[in-house]
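Since the structure comes first, as C-alpha cells, the remarks are kept for the end.
The values are calculated or read from the model by the stated rules, or taken from the named source; none is laboratory data. Worth saying up front: this structure is predicted, and the values here are computed from it rather than measured. Glycine gets a Cβ as well: all are built from the backbone with ideal geometry, and neighbour counts include every protein chain shown.
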Ligand code: ARG
C-alpha cells in the first residue's frame, strides 16, 4: 500500500526504518475512533461548503462500509500501511475513488491522532468508572452483612484494636470512591476536541470546530492549536489515576494473601480464583491476588514512561509522542482485567468469622478499652496505661487474656477493677462503644452504609 506522503521523496524508505516508524501493529485498535472522527470531519466540511453533499455521502458510506467490514471480520488490518490513519484513507480511496482523496482536506494526522487517542481514552475513563462501581457494590454488600463480624484491626501488622469486617472494607470503599471521583475529574478536564488544530497552526479552510466538537459530545473545541496536537496531559492524568487504582488493589490483595495464609485463615478464596501446585498436593495458592499485586508495577511503569517521553518535547507534534500508545494501552488493558478479576474474587471469597473473632480476642486488642475503663473509675490515663501494661505482661506470662483473669488477679494489680470490667472489655462492647463518625460502632457504620447506598444510586 502506498504511503500518504510519497510526493516529496525520490528514494525508498529503508525497510528497517519503515518498520521502526510504523505504528499500525498497535494503533489499529483506534480504527473505530478514527472513522468516527473522519465522519464528523467530513460532515462539517460539507456543512461549510468545502465538500459537496454528494461527496460527503459517498465518503461516509465508504467509511461506514470499512467499519462494518472491520467489525464483522471481513476486513483485516494488516501491516501494509504505516498507521491506522493511512489504512482507513487508503481503503476508502480504493473503495470510492477520487471522492476519498478529499477526506483529509483541512486536517493533519497530528490533530487526527490527538482526537483518536482522546476518544479512545475518554471511553476507557468511562469503562474504568463502571468497573469501579461494580467493585464498590460488592464491597458494600459485604459491609452490610458484616457489621458485627469482629476482627482485629492492625497497626504495624500487630493487633491493635477490635474492628468489624464492615469497617475494614469501608476503608477500601473510600479509596475506590476517590478513584471514581478522579475519573470524573479527568473526564471533565479532557473533554475538549482537538480536531481542526491541523498540523499545529490551524487551517485556512473555514472549519467549524464547535460543530465537530459537539458531534462527538465534547464540551467544546480546544483553544490553542499547538497545545491541541501536543497535549498528552489527560493521558498522564489517567495513567496516574490508574496507578492509584492499582496501588489500592495491590494493598487489598496483600491483605487477602495474608488473611488467606495458613497462619491467619480469616478467609477462603474460592476455587475459581485459586491455583494448585504441580508438586505439593496440599497447596491452594492465591495466584490471582498475587498477580494483581504484581501487575501494579507495569502500570506505574507506563506512567513513568510517558512522563519521561513528554519531558523533552518542544512544541508542537514530534514523533516521540507515538510512544504514548503501547504503554497506555497496556496499562488500560491491565487495569481492566485486574478490576474484573479482583471483583470476581472478592464477591466469592468466604469469611471464617469465628477465626476472625478469636483472633481479635487473643491479641490484647481490648487493652485500650481496659485503660479507658480505669479512667472511668477516676484513674488518670497515663497511670491507667501503666497499670494495663503490667496486666498485659502478667497475661503473657500466664498465657491468658485480660477478660479471662479472675477478680483476685485483677484486684492484685489495681483495686479499681470491679465485676463490670468483664463487660467493659468484651469484644462487643469494645466495638459498640466506638461511635464517633467514621468509627466501627454499629450506629456509626449504619449511617455510613446509608450514605454509600445513596451514592451508588445517584452515580450510576
Ligand atoms: N502514528 C502517529 C502517532 O501515533 C500518528 C501521527 C503521525 N503524524 C506525523 N506527522 N507523523 O503519533
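Which helices (runs of 4 or more DSSP H) does the range 208-291 wholly contain that include 3 or more residues that are at pLDDT below 95 and buried (at least 17 other Cβ atoms within 10 Å of the Cβ)?
Here the list is empty.
Filter the range 5-52 down to the residues that are touching a helix residue (DSSP H, G or I) at 6+ places or on another chain (Cβ under 6 Å) and away from the ligand (no atom under 16 Å from the Cβ), then identify the one that is farthest from residue 121 (Cα to Cα).
So, considering only residues that are touching a helix residue (DSSP H, G or I) at 6+ places or on another chain (Cβ under 6 Å) and away from the ligand (no atom under 16 Å from the Cβ), the one farthest from residue 121 (Cα to Cα) is 51.
Tally the residues that are in contact with a helix residue (DSSP H, G or I) (Cβ under 6 Å, 6 or more places away or on another chain) and away from the ligand (no atom under 16 Å from the Cβ), restricting the search to the range 53-90.
Residues meeting the conditions: 12.
Here are 412, 384: which of them is out of contact with any helix residue (DSSP H, G or I) (no Cβ under 8 Å at 6 or more places or on another chain) and surrounded by 11 or more Cβ atoms within 10 Å (Cβ to Cβ)?
412
Suppose the filter is away from the ligand (no atom under 16 Å from the Cβ), within 30 Å of residue 253 (Cα to Cα) and either in a loop (DSSP other than H, G, I, E, B) or out of contact with any strand residue (DSSP E or B) (no Cβ under 6 Å at 6 or more places or on another chain) (or both); does residue 391 pass it?
No: the conditions fail for residue 391.
Would a scan of the range 344-356 turn up a residue that is over 30 Å from residue 150 (Cα atoms), away from the ligand (no atom under 16 Å from the Cβ), assigned to a helix (DSSP H, G or I) and modelled with pLDDT of 95 or more?
no
Would you confirm, using the coordinates I've provided, whether residue 114 is more than 15 Å from residue 448 (Cα to Cα) and surrounded by fewer than 18 Cβ atoms within 10 Å (Cβ to Cβ)?
Taking the combined requirement at face value, the residue does not satisfy it.
Being away from the ligand (no atom under 16 Å from the Cβ) and without any contact (Cβ under 8 Å) to a residue 60 or more places away in the chain: is that true of residue 155 here?
It is true that residue 155 is away from the ligand (no atom under 16 Å from the Cβ) and without any contact (Cβ under 8 Å) to a residue 60 or more places away in the chain.
Only one of (1) buried (at least 20 other Cβ atoms within 10 Å of the Cβ); (2) over 23 Å from residue 25 (Cβ atoms) fails for residue 129. Which number is that?
Status for residue 129: all satisfied but (1).
Looking only at the range 296-333, count every residue that is away from the ligand (no atom under 16 Å from the Cβ), touching a residue at least 12 places away in the same chain (Cβ under 8 Å) and either surrounded by fewer than 20 Cβ atoms within 10 Å (Cβ to Cβ) or at positive phi (or both) and tell me the total.
Matching residues across the range 296-333 total 4.
Kindly establish whether residue 13 is surrounded by 13 or more Cβ atoms within 10 Å (Cβ to Cβ) and modelled with pLDDT under 95.
Considered against the rule, which asks whether it is surrounded by 13 or more Cβ atoms within 10 Å (Cβ to Cβ) and modelled with pLDDT under 95, residue 13 comes out as yes.
Among the listed residues 433, 451, 398, which satisfies the condition of being surrounded by fewer than 17 Cβ atoms within 10 Å (Cβ to Cβ) and touching a residue at least 24 places away in the same chain (Cβ under 8 Å)?
Just a single option satisfies the conditions, and that option is 433.
Count, please, the residues in the range 98-120 that happen to be more than 13 Å from the ligand (Cβ to nearest atom) and on the phi < 0 side of the Ramachandran plot.
Here the count works out to 8.
Suppose we filter the range 90-112 for residues that are over 15 Å from residue 33 (Cα atoms) and in a helix (DSSP H, G or I); how many remain?
Adding up the residues that qualify gives 13.
From 426, 459, which residue is modelled with pLDDT under 95 and under 18 Å from residue 167 (Cβ atoms)?
426
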